[in-house]
Structures are given as structure tokens and as C-alpha cells.
1. For the stretch 237-260, what are the residues that are open to solvent by 20 Å² or more (accessible area, probe 1.4 Å) and either within 16 Å of ligand 1 (Cβ to nearest atom) or not aliphatic (A, V, I, L, M) (or both)?
2. Can you find a residue that is under 30 Å from L371 (Cα atoms), within 15 Å of ligand 1 (Cβ to nearest atom), in a helix (DSSP H, G or I) and among the hydrophobic types (A, V, I, L, M, F, W, C) anywhere in the stretch 189-197?
3. Taking helices (runs of 4 or more DSSP H) that do not extend beyond the stretch 204-285, which have at least 2 residues that are within 25 Å of E160 (Cβ to Cβ)?
4. Run A175 past the list (1) closer than 17 Å to D47 by Cα; (2) touching a Leu at 6+ places or on another chain (Cβ under 6 Å); (3) within 16 Å of ligand 1 (Cβ to nearest atom) and report the number of the one that doesn't hold.
5. Among the residues of the stretch 379-411, write down those that are closer than 30 Å to Q445 by Cβ and surrounded by fewer than 17 Cβ atoms within 10 Å (Cβ to Cβ).
6. Please tell me if E221 is away from ligand 1 (no atom under 16 Å from the Cβ) and either modelled with pLDDT of 95 or more or under 30 Å from P253 (Cα atoms) (or both).
7. Does the stretch 413-429 contain at least one residue that is within 24 Å of Q85 (Cα to Cα), under 24 Å from the mean Cα position of the chain (by Cα) and of a type in the set (F, W, Y)?
8. Search the stretch 350-369 for residues that are closer than 13 Å to Q393 by Cβ and more than 7 Å from ligand 1 (Cβ to nearest atom) and pair each with any residue that is modelled with pLDDT under 95 and of a type in the set (F, W, Y) when their beta-carbon atoms are under 6 Å apart and the residues are at least 6 apart or on different chains.
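The values are calculated or read from the model by the stated rules, or taken from the named source; none is laboratory data. Note that the structure is a prediction, hence the values are computed from the model and not measured. Here Cβ is always computed from backbone atoms with ideal geometry, including for glycine, and neighbour counts include all displayed protein chains. Side chains are part of the model used for accessible areas, which takes the heavy atoms of the whole protein and leaves out ligands, DNA and RNA. Shrake-Rupley method; radii C 1.70, N 1.55, O 1.52, S 1.80 Å.
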Amino acid sequence: MSSAFDIGLEALTGVRRASQAAAPPNENAVRGTFFLETFGCQMNEHDSEKVAGVLLARGYRQVESPEAASLVLYNTCSIREKAAQKVFSRLGEFRGKPSEGKIIGVLGCVAQQEGEEIFTRAPWVSLVCGSASYRKLPELLSQLEEGRHRVTGLDTDTDETFETEITRRDNPWRAYLTIIEGCDKACAYCVVPYTRGPERSRSSESILSEVRKLAELGYTEVQLLGQTVNSYADPSRRKMRFSELLLSVAEAPGIRRVRFTTSHPRDFTPDIVEAIDAHPALCDHVHLPVQTGSTRVLRTMQRTYTREEYLGKIAMIRGARRPISITTDIIVGFPGEAEADFNETLSLLDEVQYDGAFSFKFSPRPNTLALSMADSVAEEEKGRRLMILQEQQRKIQSQRNAALVGQTFEVLVEGKSRRENQWAGHTSSNRVLNFISPERELLGQYVQVRVTNAGPNSLVGEHVC
Ligand code: 5AD
Ligand code: SF4
């Protein structure tokens, strides 16, 4: 992966610790302890925040190691094979050790994908629950607490979203908020429609009322989440368009930044750019996965747009009144990707000039259309293409970031280094900016920072007091 958009989570460790130590509502009624490890995307991270909220409300206390926990949960990712394997290596650590009264559970995409097969591979597991069934979690937990040996939640056939009043958020300033779950697209390589079920949107009223509550609690940044966030379809009578929802969230008193991810190019319409132009709280960053620069491969991927149509969306974003940074996802070595197709991806990178790109080797996944296609690009060749692409993108990012030296940006301060006077945060364009300031306390504040130096993945600057 190469992106200017990753803040080292270490920078946030202090923050995480503080919130992880959150106590259950009534210390006298501690029912047990839980350890929860999360793999994968922001959707998974946010699901874990909701699961933690449910557990804390039931009287569980969160601990930082599986050894100290009576309930061990892994919230898993199956987007690529390597990610899916991780959970089995975690589960393998319990092999041969009688579980000592521990309940071990697998949540998320691997749970959905492997289902009861997990009990065969790791018989010490008691709970298997996919994300489309999280509504059932409290009921499943009750059954375990009553002594049931094995419970599952594996339906994807649902029109419900997983909403809870008791989400335990990790970051005290930025709140994730799911507005649409699941995915109705059918990209040939992707397990998500299978593991997260069909698209279902949350009503605009319920989203806006939660945003107001978050602002009252002191959150100043909201990040709206969905696998295809801009395919949002308000199920309520108001029928708010996605761009109207963005503007309404940005209007909430106390909210200073609104982000949204991930956007699908097909549903990326001009009114979204107009909204960003119209409201300064809407951050100047769009994540718009292209996957490949070759129209031929886009077609076999079933991405529903051509290279030219995608470039049309980019031109629309570049036409905004303020500069909007653009990031993307790319897959190399999709079945049938010839050298000429790969070169089209490289030329697309040059043409678009992304500010960040997450790039991956194609990984065949169960239940996907691409599984039936010959995985024609050798592993070594995938690796070669990935390296070339990442090197080219690194140069682009270096140049783009170097052009920012001397400019001043507003930063939400989210991390403090162990080193004296060193702070870190994100700009509205989602760049990581590390800076020095003599101030003693800046966490959670918005400050002006002048960029003095730039690397491909982050900026360095000084606080303009
Ligand atoms: N192999 C490789 N990368 C994948 N992605 C999704 N499925 C696969 C797969 N089977 C990538 C896409 C997507 C990102 C979240 O993960 O680029 O946008
Ligand atoms: Fe997967 Fe495509 Fe849906 Fe994104 S839009 S989650 S890549 S199927």
C-alpha cells in the first residue's frame, strides 16, 4: 500500500487506550471481560465499535489481551486471501489449549464466508456471526451466556441495518457513522456483496439525529461510511439525495469536518462536487477507486464504467472551485490483464495524478465471478507490476506533496509523539501533517500549520500561532 493518507495508528495509541479502558455502566455487575481484535476496512473498525458498545452495555469490560479475556472476538476481513488467513492463524494459537472457560467468536466477513466450516477447522470456536446478522448479536450472546455451546448468525437476506445507541467510539474527535450497508454492485473480484449482503440505507432522519448527538458529545468530524457510500438511497419519505445529506450533516452545529468513503464512480454525480464547493465543512477529498486503467479489464471486472467515463468524473472533480484531493484503489494482475492493459493503468496514474493509491495484487476469492476465470497472471508478475505501479505513484505523490511546501493548512490534531513538541493530524484533504509546536496541549484542536517539508506519504510543518 502506498498512500499519504495513513496516519500511523501509533500516533493515536494514547487515545485508543483511554477509550478502551471505558468502564461498563455498573462496575459491580461485571459479567465478563472481552478482547476484540479487528482486521480490515473502516467499516469493520466501526462495526467493532458497535460490538464493543453492545458488550459494555451488557456489563462486559474490555481488556487488551486474549489471555485476560473470558470472551475473545475476532472481527475479520476476507477481501483478499492473506487477510482471511490471518484469523485462522489467530485461532490456531488456541489449538491444544483447552479454552479454559473462554468463549471464542469469529465475526465479520470470514465468519460469513466460511460459516459453520469454522467450527470444523477450529472446534474451540463457539460463535460465528457475519456482519449482516449483527442485529442478532445480543440474542446470540444471551444464548452463550445461558450455556449454549455453539451459536451462529449467518443470514444475509436482510433489509435491516446494524444501528445501536451504545457505540463505543475509539477516536474522541472523529466519529464513523454507517449510512449504507452491504453492496448491490457485482464487481467480478469482490466478496463484499456476498459477505455483507444487499445494500440497505439508513433513514436520513436517524442519521441526522445521530450527527447532532455526536456534535453534542464533542465530536467535530464525522466520517460517513458505506461500501458504496454515494449509492445512498434514503428509505424515508424525505428521499434525501446523498449530496443533500452531505450538506445537512455539514450544517449540524459543532460539526467542522465531514468525510465520506468509499464512492463508486458510476454513482458519483455533479451535485456531490457542487455540495463540496458549497460547504467548507465538506472535506476536500474524494476516494474514487478506479481498479484499472484499461476499459477492457474494467469490462471483465464488471465495474460498469469505461476509462473515459471515469476520466470524465475526474475532470468534474478537478473543475471544482477549490482543489479536491483524489485517492484510489487499484488491482494488478486481474485475470486476462495483459502488459498493454497494465500500461494503461500506469498511464491513467500519470493522467489523474492521484494524491494517494491503495494497490493490491488480484487475489481469487470464493463465490466471485473471477474465481471461474483463469488466474492468468503469475504471482511473480503480479508482484512486478505492483512494484512498478507503487514506485510510479510514489513519485507522483512526492511531486504533489512537494508543491505544498510553504502553504498553510488547517489540521485536526489527533496524535502526540513521545518526542517533545511533536504533533500529528490530518488536513481537510486527508494528508497526514506532522508538525512542531511549543503548545502544551493541542489534541482535538484545529490549528494552522505551515508545510516546511514533504515526503511521498506525509507532510512536515510548523504551527502558525
Ligand atoms: N483481490 C485484490 N484486491 C481486491 N479488492 C477487492 N477485492 C479484491 C481481490 N479479490 C480491493 C479493491 C477494493 C479494495 C477495498 O480492495 O481495490 O477497492
Ligand atoms: Fe466490492 Fe465492487 Fe461493491 Fe466495492 S462496489 S464493495 S469493489 S462489489
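1. Once the filter is applied, which keeps residues that are open to solvent by 20 Å² or more (accessible area, probe 1.4 Å) and either within 16 Å of ligand 1 (Cβ to nearest atom) or not aliphatic (A, V, I, L, M) (or both), the stretch 237-260 yields R237, R238, K239, R241, E244, S248, E251, P253, G254, R256.
2. Yes, the conditions are met somewhere in the stretch 189-197.
3. Per the criteria, 204-216, 242-251.
4. (3)
5. Within the stretch 379-411, S398, A402, A403, V405, G406, Q407, T408, E410 meet the criteria.
6. Yes, satisfied.
7. No; the residues of the stretch 413-429 include none that is within 24 Å of Q85 (Cα to Cα), under 24 Å from the mean Cα position of the chain (by Cα) and of a type in the set (F, W, Y).
8. Short answer, once both residue conditions are applied: G356/F5.
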